[in-house]
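See below for the structure under consideration.
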Amino acid sequence: MYTWEQTEQMIHNCQRCSLSRTRNLPVMGRGNRAAKIMFVAEAPGAQEDRQGVPFVGPAGRVLDVLLTSIQLKRQDIYLTNIVKCHPPANRNPSPAEQEACLPFLKCETLLLHPPIIVCLGRIAAQKLIAPQYKISRQHGTWIFRKGYWMTAVYHPSAILRDSSKLEETKQDFQTILRKLQELEDQAYPPLI
Ligand code: URA
């Protein structure tokens, strides 16, 4: 198993797919490396590519609104992407690019071992939960797999395009809060 530092180095030097030729900076996950919850989106956007940090653009502001609605901050979570390099013109990462990058997400997941994984958007949900995942029908539902509680919510960019998705996503975030509380209660059962 690799360390965080080794994972960071491997991502920094990666040439596993052609996105490495067009990226400015690869974007490794950021946040609390002891977090109970990992959010996984699809791929860095243009601003993330410039700064090497996930969700620094407009979608990040939507994510912060959602986190605040359940009293969480960036420092409380770990936030990453399926693909660590920006796809030109913001296109979806191809299946081959996702597959090439997956070992890095596996390293992050094994190192963090979060009880909860939240997919941000369809691409992450289809890669991590089920290939036929329908985000409009299944968002906010939970599965337990290989020791991880998993759910998916709309991608913050989808909320920017259609603000009517904000309220239902806030409700999905309430289910995330309840799941965190449930796991907390199991970790500290009443003494008597
Ligand atoms: N959109 C994503 O999917 N990931 C980011 O890091 C930023 C925007």
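The values are calculated or read from the model by the stated rules, or taken from the named source; none is laboratory data. What you are looking at is a predicted structure, and each value in this text was computed from that prediction instead of being measured. Backbone-built Cβ (ideal geometry, glycine too); neighbour counts: all protein chains shown. Heavy atoms of the whole protein, side chains included, go into the accessibility calculation; ligands, DNA and RNA do not. Shrake-Rupley method; radii C 1.70, N 1.55, O 1.52, S 1.80 Å.
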**OP:** Pop a pseudo-label 7 angstrom from the Cα along the beta-carbon direction at both N13 and H113 and give the gap in nm to one decimal.
**Re:** 2.7
Subject >> For the stretch 119-192: rounded, prolate or oblate by the Cα gyration tensor [a/c cutoff 1.5] >> reply: oblate
Original post:
Where a ≥ b ≥ c are the square roots of the eigenvalues of the C-alpha gyration tensor, would you call the stretch 1-154 rounded, which needs a/c under 1.5, or, failing that, prolate if a/b is larger than b/c, or oblate?
Top reply: rounded
Original post:
Stretch Q6-F144 to full length: gain in nm at 0.36 nm per residue minus the Cα-Cα span?
Top reply: 46.8 nm
Subject >> Dipole moment magnitude, nearest 20 debye, the stretch 38-134 about Cα centre, only Lys, Arg, Asp, Glu C-beta charged >> reply: 160
Subject >> Non-local Lys pairs in the chain, i.e. 8 or more apart or on different chains, that have alpha carbons under 19 Å apart >> reply: 15
Original post:
Which angle from 0 to 90°, rounded to the nearest 10, does the C-alpha axis of helix 58-69 make with the longest principal axis of the chain?
Top reply: 10
**OP:** Could you look at the stretch 1-91 and say what percent of its accessible area is carbon and sulfur, using a 1.4 Å probe and all protein chains?
**Re:** 49
Subject >> Cα centre as origin, Lys/Arg/Asp/Glu Cβ charges: the chain dipole, Debye >> reply: 340
Original post:
How far is it, in nm, from the label point at S164 to the one at T68 when both lie 7 Å from their Cα along the line to the Cβ?
Top reply: 2.5
**OP:** State in Å² the accessible area per residue of the chain; use a 1.4 Å probe, count heavy atoms of protein chains only, and round to the nearest integer.
**Re:** 53
